[in-house]
Amino acid sequence: MRASPKFCATLVALIAVFASSFLVLHPASGLSCPATGCVQGGDTLNVSITPTTGSAPLQVTYKASLASGGSMKSIVWNFGDGSSLSGVTNGTHTYASAGNYTGTVDADAMDGTSYTQTFAVSATGSIGANIGANVTVPNPKTGTVTAYQLLQQEHNGSLVATSLPPLSVQTDALSYSQGDTIIIHGTVKDVSNQTAVTVRVVNDLKNMVSIAQLIPSSDGSFSTKVLATGPLWTKPGNYTVIAQYGPLTNATTLFQFGGGDGTTRLAAPPISSTFSLQTSAGTFNIPYTIRGGTVQSIQLQGQQHVLVISINAPSNGSLSIDIPRALIDSKAQPPVPTGPNQTSTTQINQSELPDQPFTVQVGGQNVQVTETSDLNSRTLGIPFHKGDTTIDVMGTVSVPEFGPIAALVFAIAIVSIIAVSAKTGLRFLPKY
């Protein structure tokens with residue numbers, strides 16, 4: 001029996017109506033939004049940065065809120081200068097050196113909707129003294145030299161020294177609980193003989209809870225440990241670390257403290273050690289401090305420029321690791337020439353390129369890290385959670401897994417084995 005055309009048309013219409021009643025479009029998550037406001041999921045994320053321009057060191061006030069007045073499940077600020085902060089919707093941040101910085105705000109609403117919004121800050125000053133990876137340098141010789149060649153000319157081929165800020169300071173984690181050990185580390189660019197760095201920690205009421213004076217090492221690095229416990233460590237909130245070197249140079253960073261009961265109570269102390277990594281270029285000694293776990297092994301995947309750190313994490317914690325630049329580094333690569341006859345024969349020394357942040361993954365997921373650097377190494381503060389086993393630090397340049405001599409020895413060994421087997425009739429597989 002054949003259905004009539006009229007019956008078929010009616011059936012198709014009913015199916016279409018039935019299907020449409022189950023088709024509901026949901027807003028996408030994790031999309032970038034314009035600077036005027038992030039509209040998504042029926043709400044708006046408003047981000048305010050004040051001021052957006054000024055002379056370095058430039059202190060800005062930042063604030064993020066949902067237009068509906070709703071609360072956020074999580075929020076992470078990345079200020080574009082290597083500093084990041086999570087769990088706070090407002091506060092202040094200081095851009096220590098001149099540059100054009102692009103920051104991001106990643107927020108999750110209580111209904112699970114994600115927002116990502118960017119903002120721009122321009123700190124003016126002496127470009128020649130404070131140039132960093134995010135600084136835009138005007139090129140008055142457009143068409144005659146590349147931007148990278150101009151930078152080399154202006155800074156006599158020494159970009160690494162000029163890319164470091166005058167003073168930097170960071171903590172090994174973004175948040176702490178009562179009894180935790182806070183590792184504060186930083187770098188002074190130009191060291192003066194026997195001049196100490198003053199490091200202060202203040203709570204959000206501007207009350208000082210810790211102070212120390214440190215003499216930087218010959219490479220400008222300094223480090224200290226602060227115990228987050230006792231009668232001064234009671235108020236939860238955002239705490240500020242203020243480092244000062246001389247009368248004019250200062251730098252700040254923030255961390256979140258969960259609060260305490262005023263008693264002196266210590267969590268498990270961190271473990272400080274050094275891992276010796278054998279490579280084709282020799283042995284690299286890698287100092288590290290870990291709390292909440294132990295380091296099992298460190299391996300370099302030279303072809304992928306990845307440092308793989310295996311850990312055992314019975315609880316939440318963090319790893320502060322001092323990575324030698326000669327082992328692995330992350331550099332901002334110059335633009336590739338485009339267009340006809342736009343080839344470049346300039347030999348680029350990777351060590352002279354400006355730094356760019358490492359990409360760090362814990363358990364295959366990108367994480368926010370803290371960092372300070374000097375001419376010889378870069379110190380990363382990496383958070384992890386209970387049960388995590390692998391930390392991957394991904395850069396752009398590293399020691400090759402097999403150096404030229406090792407490759408030559410390997411080739412000679414293979415040729416010798418082939419020659420001996422041909423002469424003696426030696427077989428590596430059984431003959432059937």
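The values are calculated or read from the model by the stated rules, or taken from the named source; none is laboratory data. What you see is a predicted model; the values in this text were computed from it and never measured. Note that each Cβ is placed from the backbone with ideal geometry, even for glycine, and that neighbours are counted across all protein chains shown.
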Among the residues of the stretch 194-201, are any modelled with pLDDT under 55, exposed (fewer than 13 other Cβ atoms within 10 Å of the Cβ) and either over 17 Å from L353 (Cβ atoms) or aliphatic (A, V, I, L, M) (or both)? no
Criterion: part of a strand (DSSP E or B), modelled with pLDDT of 90 or more and assigned by TED's automatic domain parsing to the domain that holds S177 - qualifying residue of V308, V241: V241
So, first residue closer than 23 Å to E371 by Cβ and acidic (D, E) in the stretch 63-87, second residue part of a strand (DSSP E or B) and modelled with pLDDT of 85 or more, Cβ within less than 7 Å, six or more apart or across chains; the pairs are D81/Y95; D81/Y101
I'm told G91 meets every condition in (1) small (G, A, S); (2) modelled with pLDDT of 85 or more; (3) not in a strand (DSSP E or B) except one. Can you identify the failing condition by its number? (3)
Sole exception among (1) among the small types (G, A, S); (2) surrounded by fewer than 17 Cβ atoms within 10 Å (Cβ to Cβ); (3) closer than 21 Å to S97 by Cα for S221, by number: (2)
Being modelled with pLDDT of 50 or more and in a helix (DSSP H, G or I) narrows it down to one residue among F7, F18; which is it? F7
Return a yes/no flag: does the stretch 196-205 have any residue that is more than 27 Å from N316 (Cα to Cα) and either within 21 Å of the chain's Cα centre (by Cα) or free of Cβ contacts under 8 Å to residues at least 12 places away in the same chain (or both). no
Which residue out of P247, P216 is out of contact with any strand residue (DSSP E or B) (no Cβ under 9 Å at 6 or more places or on another chain) and assigned to a loop (DSSP other than H, G, I, E, B)? P247
Of (1) surrounded by 17 or more Cβ atoms within 10 Å (Cβ to Cβ); (2) among the β-branched types (V, I, T); (3) at pLDDT 90 or above, I211 satisfies every one except (1)
